[in-house]
1. What is the local net charge at B:Arg8, summed over the other residues whose Cβ is closer than 12 Å to its Cβ (Lys, Arg +1; Asp, Glu -1)?
2. Taking every DSSP beta bridge with both residues inside the protein assembly as shown, roughly what % is antiparallel (nearest 5)?
3. Order these by the 10 Å Cβ neighbour count, fewest first: B:Glu10, A:Glu143.
4. Can you sort B:Ile169, B:Ile156 so the residue with the fewest Cβ neighbours within 10 Å comes first?
5. So which DSSP H runs in chain A come out at 20 Å plus along the axis (Cα) with average Kyte-Doolittle of at least 0.0?
6. Using alpha carbons only, how many angstrom separate the centre of the stretch A:56-86 from the centre of the stretch A:5-49?
7. Once all Cα-Cα distances of the stretch A:67-148 are split into 5 Å bins that start at 0, what whole-number percent is in each one?
8. If we count every other residue with Cβ under 12 angstrom of B:Met197's Cβ, Lys/Arg +1 and Asp/Glu -1, where does the sum land?
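Read the figures in this text as sums done on the coordinates, not as results from a lab. Remember, predicted model here, so these are calculated numbers, not experimental data. Because the Cβ atoms are built from the backbone with ideal geometry, glycine has one as well, and the counts that use them run over all protein chains shown.
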2 protein chains.
Amino acid sequence: MNNPMVRRMEQYTRFSDEDRRLLDELVSQRQRHYAAHEDIVREGEHSPDIHIVLSGLACRYKLLENGNRQIMAFLIPGDPCDSEIFILKTMDHSIGAIAPSLVASVSGDVMKDLLLNRPGIALAFWWSTLQDEGILRERILDEGRRDAYSRIAFMIYEMLLRMRAVGIIGDTAFDFPITQADLADATGLTPVHVNRMLQRLRDEGLIATQGRRWTVLDIAGLQRAAKFEANYLHLDRARDEPESEAGKRLKGLI
Amino acid sequence: MNNPMVRRMEQYTRFSDEDRRLLDELVSQRQRHYAAHEDIVREGEHSPDIHIVLSGLACRYKLLENGNRQIMAFLIPGDPCDSEIFILKTMDHSIGAIAPSLVASVSGDVMKDLLLNRPGIALAFWWSTLQDEGILRERILDEGRRDAYSRIAFMIYEMLLRMRAVGIIGDTAFDFPITQADLADATGLTPVHVNRMLQRLRDEGLIATQGRRWTVLDIAGLQRAAKFEANYLHLDRARDEPESEAGKRLKGLI
DNA sequence: CGATCCATTGACTATCGTCAAACTCAGTGG
DNA sequence: CCACTGAGTTTGACGATAGTCAATGGATCG
């Protein structure tokens, strides 16, 4: 079976055949399609199931009183959405589909059973949680200390790497079915400003977009735009650590 | 024993006497003082121990190539710093003391033993991780969608609640040994702008500062400044949920 | 009593937000 | 086949929030 969750987690661990079989079974029992903009889990709810994105694109988001939305994380195929429900009573944020998506539901009891009896699987889920936390921290760094241009570039680069990790990508082109307004909600910018930054990235020959298909034309240039390059002021340190800090960071994280 | 970690975790669970004894023992074995600005764990390292802040103030941070620093989270007494070391090879961020701090070291082996054999303790640590993740998400919301004034107000209010939860607080006054430059690194602003916003909060009678001691003079006003109030456009929903979204959020989280 | 670290001020700049309108394009129905 | 529609993208003019730079003031500490 072509299980994106297994593919993602195998960046970290090698599953036994039995574990892989169990995980395949896990995501194939109950599946459901969600339309674009449909909520999968809502803030304040407690769901008896956990959800895993199999195809499409979803996100974690919160709404502010004034109707503004902040997307805190994108969920791509292979990502579990809400493994915290075993501990926390209610969700402190919502999960929504951005594009039409296929999502697996797993009963919490079945999941709990797996976590208790299959240490390999439990470890992989723990790793997944920690990776998510790393991505959250990177996002804080991004919003706090990078300008709009770098932030957009960074976002695109991160999606490229993450999609590559689960194999849903053709070399440097990938489906990222998102509107500029969604991107604005994810980066903390306005749609208008996102548009301006995308134009700049296109003008500079770094990326191209045709509909929902994004192509990275110049990976090195995109890294540079995203502030991924080693700073030449730190060259002495770079002898020991040939890669830039940010480069290592994102690789370690993805 | 006066164990802030136990106090913090008992917001979530009630420890058995034995668990409490074990946790008290855990943090009293090996303790060390760190000076202000001293690193406790550095990005890229792998430490055999996990660390728990007992007094003072520390933070998770990352450095950018240009020397800019982003503080991703404050660690107050009771907070474990690096429980991820069981899974991840290296830290993807650094932990540093902001003020002189007392920190407990716990050998990873001892810790692992506890997590495997004391389910009550394992659950409490898992909860702690999830709470941290919630705080990270709230920070992303903050940086993405609130202006500087609200962001500073929010930060102060969050610290008030968190300090209250571990009991290191005199009603509405608390020690928050931080410079305006640190606050700038945590909120993604410049020190100059932080200064302007603090002046505004003081002018409006919401807070007062004497050295490192912060006093909240007007809690409701501070909540309002932090955009904690229910939005009256949502009153219909507020009938079922009398609290504001943000209010619930932070309470659920703390 | 300098030295140092922080806080504060002011003048100037620029990044980004706001508003509003026009444009593109795919889908729909007469 | 061709308006009609609506979602999404693009443009431009303007405004405001926050950053930059540089100097001053205040407190604490050997």
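1. Result for the local shell: 0.
2. 100
3. Ascending number of Cβ neighbours within 10 Å: B:Glu10, A:Glu143.
4. B:Ile169, B:Ile156
5. Correct list, ordered by number: A:148-165.
6. 15
7. Histogram of Cα-Cα distances, whole percents per bin: 3, 11, 18, 23, 21, 13, 7, 3, 2, 0.
8. Details: positive: B:Arg146, B:Arg151, B:Arg196, B:Arg200, B:Arg202; negative: B:Asp147, B:Asp203, B:Glu204.
Neighbour charge sum, excluding B:Met197 itself: +2.
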